[in-house]
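Engineer: Here you go, one structure.
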Amino acid sequence: MDSQGTKRKRDQELEDWSDSSRESLLIDMEMKLKAKQIMKRVTENIDHTIIMYRDIMSKINKMNNVSRKKVTIGIFGKSGEGKSSLLSAVLGKKDLLPSGCFGACTAVVTQVEANLTDSNYIAEIELFSKEEWEKELRDLFRVLSDESEDRNDDLLEIAVEKITALYGDDADKKTLEELQEYDKFAEIETFLSISKKTISNNDVSEFSNDVASYILHSDASPGGWYWPLVKSVTFKVPDLQKVLEHIVLVDIPGTGDCNKLRDDKWKSKLKECSFVWIVSAINRASTDKDPWGILKHCIEELGPGGECKSINFICTKTDDINAPAYIRSTRLHISGDEDQKKVCILHRNEHAKKRVKEKFENSEVKKRFSTDDDFLNVFTVSSNAFFDHNLNMELTETEIPKLQHDLRILNQNINRDLTIDYVNEAKGVLSLIQSVQLDRDKKTVEAKVKVYMELKNNLKKALNELDSRFDIIYRDLEQCLSKGVDESVQLCVASTKAMISPNIDKRGFHKILQALCKNGGCYWSKNWDVILDLNRQLTKHLQEYINEYFNLIFPLTGTTGKSVQEQIDKFSIIQSDSADPGSPILHHIQNFINTEETNLKASLKRDVVDTKKDIYSSIQTTIEKEMSSCYDQAAAVTGIGSMKKRQELLITTVDEIKHDMFNKSKIEMLEKFNNLKLHIKNALESGLKRSMELSLSKTSNIKLMDVSRETEQLARLSGQLERL
């Protein structure tokens, strides 16, 4: 195929990929606009002197200004694996992100979302405060000045990297007092007087250059790189409404930086991830321990302690191949009229997909997520070939359009859900108005009072039933926890010894143990070849006893028959045998209450997802708290034999506090679960009581507007949405 023909085909493929999603987006936008126009006509005709209508206006205003937390896609992968090029290709913006900006700095959390306000490229840079940086700088110089045998090489490397990146070559050779005399030091102190820096530019190349110094680092040109001062960077990119309106892409960097502020932010981002992309160069996708090691270490934050629903393993740089060498190593037979390099690329792509899937099936990650077969998807992508028409690959063979399609579909589904929610809520508000409009005689007033009393009784009954179902869940969870406490008490000392007194070559281990104590019980090397977390080790046995049941009551997807969400879904105060549905006024009241119930349940669903993370992590949080003073004492031990003294202190402390520590963990988790139950019950009770009172509102003999035409229009819109 000639180059012009290839270009035409590629352009057509791009149009095909985007047309369907653009059409769906336009339909959703049109539907929502029509619904808003209907409600606007209603509000323009509302008599604001009527007290009940003030409540209705409040509801309509809330509907119009609703905002939903964006879906987070977390991206794992080392610098140099092609993350920046991948993101630029997926977003269709070549050279948008400086090469290496994703993952270049181990500590900086970087995210990308759509700019929905104007056509500028924006970077919002969150900085350390002056006080926070002064504390970290003292810690860095403490590491530099440490000449003891406990000095950790990784921490030393990080300290040198940060100080030279900011202040220039040989700055790490100075004392803190000498560094404070640098002009650069005063400049940075002034710079940190702002908490956030914003960079905005409508030219993508200029924008990329402007942000480089805040996210990149060059050993060849030290000084003037500000990433050590940065907590997070948010890129806002224009023209991405159909891709990222409701989605945010977050780089989850591998951490070797023990700064607590950054570590907390890193963990909180992990827990927000609904989806994960693991990025690795194709030539080592199945063998590289980094992405798999990071994923294994983050299971708790992504799975039971998070909300991850699926993983995309993305093999990058598929066009980077030595075709003759590959043919020899695989004994691949290629006919003379075939494109040799292309055949090799496609052959390696299929082999890589098979190997990655096999590795995942046999991994601990697969077991812990309790997933179905669609949980892991493997992509083999070429960002270069996506932009370069001369590499002779079909657009679909780069697999970038598949990722774009997935993002569009996800974004489209969220848009569709928001539109359906708006239309249904609008129908409920109009039903309330109609029920009041029909309130014209003594008979209807009596009927309303009767249905109110019936709903009141139904509410009491439904709350009692909900309470009973939650009590069963609580009892079963308590049994699992009790068994876990017994197991933990028996095995915790042995588990502690296994981690802090390993039966291996112990040269250099004293440095690791010192770093572990200084960092509150956890240590991970910069290259992820050593990961030690004593808190997680102590938590392990207790969590093993609750994981299966916890996944039943808080599943990431699907139904289990025991989940908290299913108990909420069963709740309803509208019974099938409720008052005569043939009565128009009662029909409208029931529609309104149904809408209110649906809205409350949807809100509670989001609360449950957030709260279950806190419930699950409470075990480790309690253990960290109970062990914190011991870590401080162990970190302060110095001199000859310090490693043995630290080991003895840690082991003795675990043995002394084990009963109290694990029972506190159990009590804390149960208390948090009970608080969730109370929150759900209170939200349902107070919300529905208010709705019932609204439905009983009296308007005397004031003439009200008739919204029957608007109700019919919304019903038609709702039917159209259901058919889409």
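Engineer: With bins 20 Å wide starting at 0, give me the P(r) of the chain over every alpha carbon pair, in whole percents.
Structural biologist: P(r) over the chain, rounded to whole percents: 14, 40, 34, 11, 1.
Engineer: Using the Cα centre as the reference, give the magnitude of the dipole from point charges on the C-beta atoms of the stretch 367-513 (Lys, Arg: +1; Asp, Glu: -1; all else neutral), rounded to the nearest 20 debye.
Structural biologist: 760
Engineer: Still on this structure, please answer the following. With θ set to phi - 60°, apply the Karplus curve 6.51 cos²θ - 1.76 cosθ + 1.60 along the stretch 618-631 and write out the HN-Hα couplings as whole Hz, x wherever there is a Gly or Pro.
Structural biologist: 4, 4, 5, 4, 5, 5, 4, 5, 5, 8, 4, 5, 5, 4
Engineer: Shape verdict for the stretch 593-701, please, from the Cα gyration tensor: rounded (a/c under 1.5), prolate (a/b greater than b/c) or oblate.
Structural biologist: Prolate.
Engineer: 7 Å from Cα along Cα→Cβ at both ARG151 and ASN362: what's the point-to-point distance in nm?
Structural biologist: Between ARG151 and ASN362, the label points sit 4.3 nm apart.
Engineer: Given the Cα-Cα distance of LYS196 and LYS130 and 0.36 nm per residue of separation, how much length would full extension add, in nm?
Structural biologist: Working it through step by step, the gained length comes to 22.5 nm.
Engineer: Which of ILE158, GLN412, ASN674 sits closest to the plus end of the dipole of the chain, meaning its Cα is farthest towards the positive end, when Lys and Arg get +1 and Asp and Glu get -1 on the C-beta?
Structural biologist: My answer, from the dipole projection, is ASN674.
Engineer: Now for a different question. Taking only the C-alpha atoms, wrap a convex hull around the stretch 131-233 and report its volume per residue in Å³ as a whole number.
Structural biologist: Convex hull volume per residue, Cα atoms: 115 Å³.
Engineer: While we're here: In debye, nearest 20, what is the charge dipole magnitude of the chain about its Cα centre with +1 on Lys and Arg Cβ and -1 on Asp and Glu Cβ, if you could check?
Structural biologist: In debye, rounded to 20, the chain gives about 2000.
Engineer: Taking the stretch 316-421, which GluC sites (Glu not before Pro) meet the DSSP loop condition and have no more than 12 other C-beta atoms within 10 Å?
Structural biologist: Answer by residue number: GLU338.
Engineer: Hey, if we sort GLU131, GLU624 by accessible area with the 1.4 Å probe, largest down, what's the order?
Structural biologist: My answer, sorted largest first, is GLU131, GLU624.
Engineer: Compute the distance in nm between two label points, each set 7 Å from the Cα along the Cα-to-Cβ direction, one at LEU678 and one at ASP706.
Structural biologist: Rounded to a tenth, the inter-label distance reads 5.1 nm.
Engineer: Based on Cβ point charges of +1 for Lys and Arg and -1 for Asp and Glu, what charge dipole magnitude is obtained for the stretch 601-672 about its Cα centre, in debye rounded to the nearest 20?
Structural biologist: 360
Engineer: Same structure, new question: Cα-Cα over 19 Å: which of LYS269/LYS289; LYS69/LYS93; LYS69/LYS402; LYS317/LYS341?
Structural biologist: LYS269/LYS289; LYS69/LYS93; LYS69/LYS402
Engineer: 222 nm [θ] for the chain, helices only, -39500 (n - 2.57) per DSSP H run of 4+, per residue, to 500?
Structural biologist: -21000 deg cm²/dmol
Engineer: As I understand it, the dipole of the chain uses +1 on the Cβ of Lys and Arg and -1 on the Cβ of Asp and Glu, about the Cα centre. Which of GLY428, ALA352, LEU586 lies farthest toward its positive end?
Structural biologist: Value computed over the given set: LEU586.
Engineer: Hey, can you grab everything whose amide H is under 5 Å from the amide H of TRP524? Only 5+ residues off in sequence or another chain; H modelled, so Pro and N-termini drop out.
Structural biologist: Excluding prolines and chain starts, which carry no amide H, the hits are LEU532.
Engineer: Cut-off under 22 Å on the C-alpha distance; same-chain residues fewer than 8 positions from LYS442 excluded. Which lysines are left, in chain and number order?
Structural biologist: Cross-link targets: LYS450, LYS456, LYS698, LYS703.
Engineer: May I pose another question? With labels modelled as points extended 7 Å from the Cα through the Cβ direction, what inter-label distance (nm, one decimal) is found for ASP655 paired with THR638?
Structural biologist: Between ASP655 and THR638, the simple spin-label model gives 2.9 nm.
Engineer: If you don't mind, there's one more thing I want to ask. If packing is taken as the average number of other Cβ atoms within 10 Å across a peptide's residues, how do 57-70, 420-433 rank, most packed first?
Structural biologist: For the peptides 57-70, 420-433, the packing ranking is 420-433, 57-70.
Engineer: Set the Förster distance to 51 Å, then compute FRET efficiency between LYS460 and SER525 from the Cβ-Cβ distance, nearest 0.05.
Structural biologist: 0.30
Engineer: Cα gyration tensor of the stretch 207-354, axes a ≥ b ≥ c as square roots of the eigenvalues: rounded (a/c below 1.5), prolate (a/b > b/c) or oblate?
Structural biologist: prolate
Engineer: Please label the shape of the stretch 399-543 as rounded, prolate or oblate, based on the square roots a ≥ b ≥ c of the eigenvalues of the alpha-carbon gyration tensor (a/c under 1.5 means rounded; beyond that, a/b larger than b/c means prolate, else oblate).
Structural biologist: Oblate is the answer for the stretch 399-543, as a/c is 1.5 or above yet b/c matches or exceeds a/b.
Engineer: Are there any GluC sites (Glu not before Pro) in the stretch 151-200 that are in a DSSP loop and have at most 15 other Cβ atoms within 10 Å? List them by number.
Structural biologist: GLU181
Engineer: For LEU176 and SER218, what does the FRET efficiency come to when R0 = 25 Å and r is the distance between their Cβ atoms, rounded to the nearest 0.05?
Structural biologist: Here the calculated transfer efficiency is 0.55.
Engineer: If the chain between SER468 and GLN241 were fully stretched, how many nm would it gain, using 0.36 nm times the residue separation less the Cα-Cα distance?
Structural biologist: Taking SER468 through GLN241 to full extension adds about 77.2 nm, to one decimal.
Engineer: Filter LYS601/LYS677; LYS309/LYS357; LYS231/LYS366; LYS70/LYS613; LYS94/LYS271; LYS62/LYS271 down to the pairs with a C-alpha to C-alpha distance above 21 Å, please.
Structural biologist: LYS231/LYS366; LYS94/LYS271; LYS62/LYS271
Engineer: Using Cα pairs closer than 8 Å and at least 6 residues apart in sequence, work out the relative contact order for the chain, in percent.
Structural biologist: 18
Engineer: Of the options VAL112, VAL276, ILE640, report the single residue whose Cα projects farthest towards the positive end of the charge dipole of the chain (beta-carbon charges: Lys, Arg +1; Asp, Glu -1).
Structural biologist: Highest projection toward the positive end goes to VAL276.
Engineer: Additional query: Restrict the search to the stretch 317-378; then list the trypsin sites (Lys or Arg not before Pro) that DSSP places in a loop and that have at most 10 other Cβ atoms within 10 Å of their Cβ.
Structural biologist: Here the trypsin sites (Lys or Arg not before Pro) that fit, given the DSSP loop and packing criteria, are ARG331.
Engineer: At 10 °C and a viscosity of 1.306 mPa s, what translational diffusion coefficient does Stokes-Einstein give for the stretch 535-640, taking Rh as the Kirkwood radius over Cα pairs? Give it in µm²/s as a whole number.
Structural biologist: Translational diffusion coefficient: 88 µm²/s.
The values are calculated or read from the model by the stated rules, or taken from the named source; none is laboratory data. A quick note: this is a predicted structure, and the numbers were derived from the prediction, not measured. A quick note on method: Cβ atoms are made from the backbone with ideal geometry, for glycine too, and the neighbour counts reach across all protein chains shown. These accessible areas exclude ligands, DNA and RNA; they are computed on the full protein's heavy atoms, side chains included. Shrake-Rupley method; radii C 1.70, N 1.55, O 1.52, S 1.80 Å.
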